[in-house]
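The values are calculated or read from the model by the stated rules, or taken from the named source; none is laboratory data. Quick caveat: nothing in here was measured; it's all calculated off a predicted structure. Heads up, the Cβs are rebuilt from the backbone with ideal geometry, glycines too, and the neighbour counts pull from every protein chain shown. Heavy atoms of the whole protein, side chains included, go into the accessibility calculation; ligands, DNA and RNA do not. Shrake-Rupley method; radii C 1.70, N 1.55, O 1.52, S 1.80 Å.
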Amino acid sequence: MRYCVPLLLALMGLGAATAQHGEPRLRVRVRPFEKVPAYQEVRLGQVADLQGPSAESVADLSLGRAPGPGRRRVVSRAAISRMLGAAGLDGEAVVVEGAAQLRLMGIGQRLDVERARQVLEQALRASLPGGEVEVLDLQAPASLQLPPGEYEIRPGPLPRQPHSGRQRLVVEAVFADGTRKRIGLQARVAVRGPMVVAARDVPRGEPLRAMDLRLETREYVSGAPVVRDPERIVGKVLRSPLRRNQPVRANLVQEARAVQSGQTVTVVYRRGGVLLEMETRARGSGGVGSIVPVIAQDGRRTIRARVIGPGRVALLGSEEEER
C-alpha cells in the first residue's frame, strides 16, 4: 500500500500540470551537432526536432548564418530559448530540451578535380613548346572544401621545368566576388619533349660546335632545365665534361671567355672622335659584354671596363662600350 502513495501523488501532479497549461506545449529537441551549407542561413528546423503546436511556423526561424567551410560555430540551448521567446513563445508554451550546445559546422563543395587536371595539363604544355605532357593522376586534400558558388580554376605557379613523376602542383579557385583560394594538389605527370644531347664526348672548356650536338625527344626525368635549341649554345663552353648521349643542362654551359684574369688586354676609350688605347692586365675573366677590373695606367689602382672582344675592353662611359 505504501508504494501506491508516491505513484498517486505523481499522477496528481501530472494532471495538475496538464490542467495548468491547458494545451499541449511545443517541444524543441536540440541536436548536438549538425553540418550545414557554408555561409547560408540556418533555420531551426534544420538543427532541432520539433513536435506539437506551432512546429511548422517556428521551423523557419533563423539562427544566423552558417560558418565557412570546415569552420565551427556553437549555439547554446539557452540562446534558442531566448529566440523562441522573442518570437512570442514563452516558457508556458514551449519546452526546449536536448543538447545544451549545438555545434554547427559549415560544409562547402569539393574541387572539380577533372577541370583542374585539364587546366594544369594545358598550362604545362604551353610551358614546354613541342613537348608532350599528361597529368595522369590528380588528388585534392581529403579535407578540402570550397565556398558555395561558381568558380574559375586557374593554374598556379608552374615548375621551372616540367618533368615526369609525382609532384605537387598548384591551382587557384577564383569566385565571382573576387575571392581566391590557392590549392596544392598531388599529381603524377608524364613529360616528353625535345632536348639537346651530346653527339660525342666533349671535354670541359671546349667550345661547342653544331656537330657536337643533336636534338632528340626524350622523357624529362628531372626538374633541371635542359637546352631545347642547339643553336643557342653553339660557341659556348662547358663547365664540366659532357659524355656522349648525355642531355645538355642549361647550367652546364657558359659564354666563352674573351678575357682571362692576368691576360694582357687592350683598353680603349673613345669620346667625341678621340680614340685612346693602352695595354694593361686584366684582374678578372669574362665573356663579351661582361664587366671586369683592369689595372689603371698608374699601376696601383683598378678600373672597370666592359669586354668588347677577345683581349679588348672599353672603359665604362666610352662610346666604344656602346657599340
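One residue is enough: does the stretch 25-32 have a residue meeting the conditions free of Cβ contacts under 8 Å to residues at least 60 places away in the same chain and open to solvent by 20 Å² or more (accessible area, probe 1.4 Å)? Within the stretch 25-32 (the criterion being free of Cβ contacts under 8 Å to residues at least 60 places away in the same chain and open to solvent by 20 Å² or more (accessible area, probe 1.4 Å)), the answer is no, since none of the residues qualifies. Candidates in the stretch 245-258 are the residues that are more than 14 Å from Val197 (Cβ to Cβ) and of a type outside the set (D, E, K, R); of these, the one that is most open to solvent (accessible area, probe 1.4 Å) is Asn251.
Which of the following residues is open to solvent by 50 Å² or more (accessible area, probe 1.4 Å), touching a residue at least 12 places away in the same chain (Cβ under 8 Å) and either among the polar types (S, T, N, Q) or farther than 12 Å from Arg29 by Cα (or both): Ala93, Ala87, Ala100? Before the answer, list the steps.
Details: Ala93 fails: open to solvent by 50 Å² or more (accessible area, probe 1.4 Å); Ala100 fails: either among the polar types (S, T, N, Q) or farther than 12 Å from Arg29 by Cα (or both).
Within the list Ala93, Ala87, Ala100, the selection yields Ala87.
Specify which of the listed residues (Val237, Val170, Val221) is touching a residue at least 40 places away in the same chain (Cβ under 8 Å) and either on the phi < 0 side of the Ramachandran plot or acidic (Asp, Glu) (or both). Steps first, please.
Values: Val237 fails: touching a residue at least 40 places away in the same chain (Cβ under 8 Å); Val170 fails: touching a residue at least 40 places away in the same chain (Cβ under 8 Å).
Result of the check over Val237, Val170, Val221: Val221.
Can we say Asn251 is on the phi > 0 side of the Ramachandran plot and under 50 Å from the mean Cα position of the chain (by Cα)? So Asn251 does not fit the description; no.
Of everything in the stretch 265-278 that's touching a strand residue (DSSP E or B) at 6+ places or on another chain (Cβ under 6 Å) and open to solvent by 70 Å² or more (accessible area, probe 1.4 Å), which residue is nearest to Ser318 (Cα to Cα)? This residue is Tyr269. Screening Ser143 with (1) loosely packed, with under 13 Cβ neighbours inside 10 Å; (2) within 14 Å of Leu111 (Cα to Cα); (3) free of Cβ contacts under 8 Å to residues at least 60 places away in the same chain gives one miss only, at (3). Screening Asp137 with (1) open to solvent by 80 Å² or more (accessible area, probe 1.4 Å); (2) charged (D, E, K, R); (3) over 17 Å from the mean Cα position of the chain (by Cα) gives one miss only, at (1). Within the stretch 107-134, the residues that satisfy the criterion of being open to solvent by 60 Å² or more (accessible area, probe 1.4 Å) and either without any contact (Cβ under 8 Å) to a residue 24 or more places away in the chain or within 25 Å of Val221 (Cα to Cα) (or both) are Glu114, Gln118, Gln122, Arg125, Ala126, Pro129, Gly130, Glu132, Glu134. Residues that are open to solvent by less than 50 Å² (accessible area, probe 1.4 Å) and either β-branched (Val, Ile, Thr) or part of a loop (DSSP other than H, G, I, E, B) (or both) within the stretch 211-235 comprise Tyr220, Ser222, Gly223, Ala224, Pro225, Val226, Val227, Ile233, Gly235, listed in sequence order. Return yes or no: is Leu242 open to solvent by less than 30 Å² (accessible area, probe 1.4 Å) and either farther than 17 Å from His163 by Cβ or in contact with an Asp or Glu (Cβ under 7 Å, 6 or more places away or on another chain) (or both)? The answer is yes for Leu242.
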